[in-house]
Every structure is written in structure tokens, then in C-alpha cells.
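Q: The structure is given below, and queries will be raised subsequently.
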Amino acid sequence: MKMTLRWYGPGYDSVPIQHIRQIPGVSGVITTLYGKQAGDLWMPAEIRALKEAAGEAGLPVLGIESVNVSDDIKAALPKRDEHIDHYIRTLEALGQEGIGMVCYNFMPVFDWTRSDLAKIRPDGSSVLSYDQEIIDGIDPEGIFAAMEKRSGGFTLPGWEPERLRRISALFAVYREIDEAKLFDNHRYFIRALLPTLRKYDIKMAVHPDDPAWPVFGLPRIMTGAENLQRALRQADDPHNGVTLCTGSLGSDPANDIPAIIRQLGDRIHFAHVRNLAHHAPGKFDEAAHLSADGSMDMYAIMKALYDIGYRGAVRPDHGRMIWGETAMPGYGLYDRALGAAYLSGLWEAIGKSGGKQ
Ligand code: CS2
Ligand code: MN
């Protein structure tokens, strides 16, 4: 595996790329053109500039998270084909720059959802947390306001204010869309990309829904082993793969992450590894990466990745906010650096105690 960190690029991330380079074991970054809206076209010069900004710190761009998929594509709205055309041309531009992995999600309207972005823990650190009861008491517009209020002035990935403007119209559209239709729209999308993916050898890695169940009555399909397998069958080509996100899949304790890793095998093109502390069904806090700090067995997860011969990018996903750091919720430097070092340590230990790759 290659240990990486997510970096939002110049002007967007409070973490300097030079600091990322100082984390032992980190050999690249996962980044994006953060100012782009879903459906936009990415220009070759913009991609080159992003690569150069990371390259100046000696870090290659090992993947893009995300080229976001528009609701026009997800809901088959009139601009679907235009946006798919933009997506294909963006992939061509990425391919020409040698970027071979793109993460995306297929969640309607919202990306990841949390009820609190800075829940204070007894040790004074803060974490993102989710409580279905709180979410049930908030309307969709309210969640936007709540997320913005707690974001510390940062624009959160997936919660760009531009999305809010269309929200009522989108809810009306999705009332007509069930799981089966959402899968149809995913198939249409991924199949349209295939020739380009093959030509440039770009791996698409769909991110699981977070949390892994429908919220606000919107359909969600990337929720567990069976549905992820179905997503892979939509276009049975190795370029159509998944992001294994332990925190998103793990929001539902019924998802056995090591087993899912073994099932999906070489169709895993990217891995987000983080830990959660479960309190009750639909109620969890994010935790430090260390197994003992949460409910998940991080050794078993890394071991499963090791056993399948995983060679792609891994990143610590969200971290706690510690040591007085001010950063985008989940995306401070310090706790993610601890997470990266811990996960690299597990990997080394698994290898040295007889794991074979
Ligand atoms: C990420 C997601 O911060 C996070 O939770 O894992 O925002 C992820 O980047 C997107 O869902 C992928 O498109
Ligand atoms: Mn993730």
C-alpha cells in the first residue's frame, strides 16, 4: 500500500503541503480542484498546476478525491449527458497527467452527514459525531445551516453553499427515484466512462455512503457488501472499483469490514481507514485511529488489506481535533498524522510477522 494524506490544494487547505511531507511513511497526496462544482470541466493547465504544487514538496498526486458527480447525472436530469461529457474530458486531462485513480460518490444531494462537527470528548479533543435522533429533528435546509455554523469558517467537502440553492427542487426530483433507478443512473454513468478509463488506465473508486443508510428520505445505494458488489457488476471491468471507507461502511455495525475487503479484493482501488465508537444503533462518534479508542479492529482491517495484496493508496480518513489545532473538521494535521503513523506501523508489523504480499 501507499500511505497518503488528503490535501485540498493551495488556497483551500490550512495544512501546508510541506508539513504533510514530514509525516513518516507518507509518499503522496490525494487532492482535488476544490473550487470546482460537480458538472464542471477541469482544464489541463489547472490539473498541471495542482500537480506542480504537490510536486514542489516532493509528493506525487496518487489520486483525485473527488471529481464530484452532479445530481443531473445521479438523477438523470436534462444536463446529464453534458455533465458526463465534461467528466470524460476531465478524465482525459487527468489521464494525460498520469493520474490513475479517481474517487467519487453517488449519494443524492448530500455527501457525508454528521449531527455534530466538534463534539468535545473528556480529554478535550473534539470529533465528528452522528446521532440519528438529532438528524430526524432537523430539516434538510437546517442541516446545511448547522454544518456551516460548526465548520469553523471552512467550506466543507460535499457541503459547498452552491448545493443549498437547489435543495428544494432536488428533493422533489428524488421523490421519484428509488434504489433501482439510482442504480440505473449509476450504470449509465459508469458505462459511459469505460472507454476513457481503459484508454488511460484510470481506476474509478466509488465511495460508500456515509452513514450507510438513507437520510432525509433520500435513496442511498452504496451501503454494504451486496450493493457494492452490484455496483461492480454494473460494468464488469477492473476499472470500475470502490473506495473501501471503513468509517462509512462501519457506521452500520452489520458491515463486517475485513470480510468485505476479502470479498471485493482487487476491485478496491483506494482505502480510507478510520475508527468509530458505536454507542447505539444510529449513534456513533468518530475516534482516534487506534483500535482501543473505538469499536473497530484496525489490525484486522489492515491485515485483510495486506492479505488481498492491496497496493493502492491508503489514507487516514477523518481525525480528531487535538492540541488546539484549527482546521477543517476532520481534516487537521495532527491526528491524521498520528493515524498515518499508526496504520503504517500495523502494516510493518503484519509484514514482519509473516504476512506475504
Ligand atoms: C470523505 C467524503 O470526508 C469524507 O467523509 O470520505 O467526503 C468523500 O470524499 C466523498 O464522499 C467521496 O466523493
Ligand atoms: Mn471516507
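Q: Given the residues ARG230, ARG262, ARG220, which is the only one that is away from ligand 1 (no atom under 16 Å from the Cβ) and within 16 Å of PHE106 (Cα to Cα)?
A: Sole residue among the options that is away from ligand 1 (no atom under 16 Å from the Cβ) and within 16 Å of PHE106 (Cα to Cα): ARG230.
Q: Could I ask something else about it? I'm trying to understand the selection: among the residues of the stretch 10-47, which are within 28 Å of TRP347 (Cα to Cα) and small (Gly, Ala, Ser)?
A: Across the stretch 10-47, the qualifying residues are GLY25, SER27, GLY28.
Q: Let me ask another. Would you mind finding the one in ARG267, ARG274 that is within 15 Å of ligand 2 (Cβ to nearest atom), under 18 Å from ALA205 (Cα atoms) and basic (Lys, Arg)?
A: Selected residue: ARG274, the only one of ARG267, ARG274 that is within 15 Å of ligand 2 (Cβ to nearest atom), under 18 Å from ALA205 (Cα atoms) and basic (Lys, Arg).
Q: Is at least one residue of the stretch 138-146 within 22 Å of the chain's Cα centre (by Cα) and closer than 27 Å to MET204 by Cα?
A: Taking every residue of the stretch 138-146 in turn, none turns out to be within 22 Å of the chain's Cα centre (by Cα) and closer than 27 Å to MET204 by Cα.
Q: Could you check PRO253 against (1) out of contact with any Gly (no Cβ under 9 Å at 6 or more places or on another chain); (2) surrounded by 18 or more Cβ atoms within 10 Å (Cβ to Cβ) and say which number it fails?
A: Every listed condition holds for PRO253 apart from (2).
Q: If I filter the stretch 250-263 for residues that are farther than 14 Å from MET298 by Cβ and within 13 Å of ligand 2 (Cβ to nearest atom), do I get at least one hit?
A: yes
Q: Determine which member of the set ARG311, ARG315 is basic (Lys, Arg) and not in a loop (DSSP other than H, G, I, E, B).
A: ARG315
Here's the yes/no breakdown for (1) within 30 Å of GLY55 (Cβ to Cβ); (2) touching a Leu at 6+ places or on another chain (Cβ under 9 Å); (3) part of a helix (DSSP H, G or I); (4) modelled with pLDDT under 95:
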{"residue": "ILE134", "(1), (2), (3), (4)": "no, no, yes, yes"}
{"residue": "ILE138", "(1), (2), (3), (4)": "no, no, no, yes"}
{"residue": "MET147", "(1), (2), (3), (4)": "no, yes, yes, yes"}
{"residue": "GLY153", "(1), (2), (3), (4)": "yes, no, no, yes"}
{"residue": "ALA169", "(1), (2), (3), (4)": "no, no, yes, yes"}
{"residue": "ALA180", "(1), (2), (3), (4)": "no, no, yes, no"}
{"residue": "ASN185", "(1), (2), (3), (4)": "no, no, yes, no"}
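Q: Take the residues in the stretch 59-83 that are surrounded by fewer than 20 Cβ atoms within 10 Å (Cβ to Cβ) and among the aliphatic types (A, V, I, L, M); name whichever of them is nearest to GLU141 (Cα to Cα).
A: ALA75
Q: Going through MET328, MET302 one at a time, which residue ends up being farther than 30 Å from ALA192 by Cβ and modelled with pLDDT under 95?
A: Every option except MET328 fails the conditions.
Q: Looking only at the stretch 309-357, which residues are within 21 Å of the chain's Cα centre (by Cα) and more than 16 Å from ligand 1 (Cβ to nearest atom)?
A: Answer for the stretch 309-357, where residues must be within 21 Å of the chain's Cα centre (by Cα) and more than 16 Å from ligand 1 (Cβ to nearest atom): TYR310, ARG311, TYR334, ALA337, LEU338, ALA341, TYR342, SER344.
Q: Something else now. Does any residue of the stretch 112-127 turn out to be crowded, with 17+ Cβ neighbours inside 10 Å, touching a strand residue (DSSP E or B) at 6+ places or on another chain (Cβ under 7 Å), in a loop (DSSP other than H, G, I, E, B) and among the small types (Gly, Ala, Ser)?
A: Yes, the stretch 112-127 has at least one match.
Q: Another question, if that's okay. So, in the stretch 56-114, how many residues would count as being hydrophobic (A, V, I, L, M, F, W, C) and more than 18 Å from ASP184 (Cα to Cα)?
A: 16
Q: Of everything in the stretch 194-214 that's within 30 Å of SER168 (Cβ to Cβ) and surrounded by fewer than 22 Cβ atoms within 10 Å (Cβ to Cβ), which residue is nearest to ligand 1 (Cβ to nearest atom)?
A: This residue is ALA212.
Q: Next question. Suppose we filter the stretch 1-30 for residues that are closer than 16 Å to GLY312 by Cβ and either within 16 Å of ligand 2 (Cβ to nearest atom) or hydroxyl-bearing (Ser, Thr, Tyr) (or both); how many remain?
A: 8
Q: What do you reckon, is VAL109 touching a Phe, Trp or Tyr at 6+ places or on another chain (Cβ under 6 Å) and either within 16 Å of ligand 2 (Cβ to nearest atom) or at pLDDT below 95 (or both)?
A: Against the criterion (touching a Phe, Trp or Tyr at 6+ places or on another chain (Cβ under 6 Å) and either within 16 Å of ligand 2 (Cβ to nearest atom) or at pLDDT below 95 (or both)), VAL109 does not qualify.
The values are calculated or read from the model by the stated rules, or taken from the named source; none is laboratory data. It should be emphasised that the depicted structure is a prediction, and the values quoted were computed from it without experimental measurement. Heads up, the Cβs are rebuilt from the backbone with ideal geometry, glycines too, and the neighbour counts pull from every protein chain shown.
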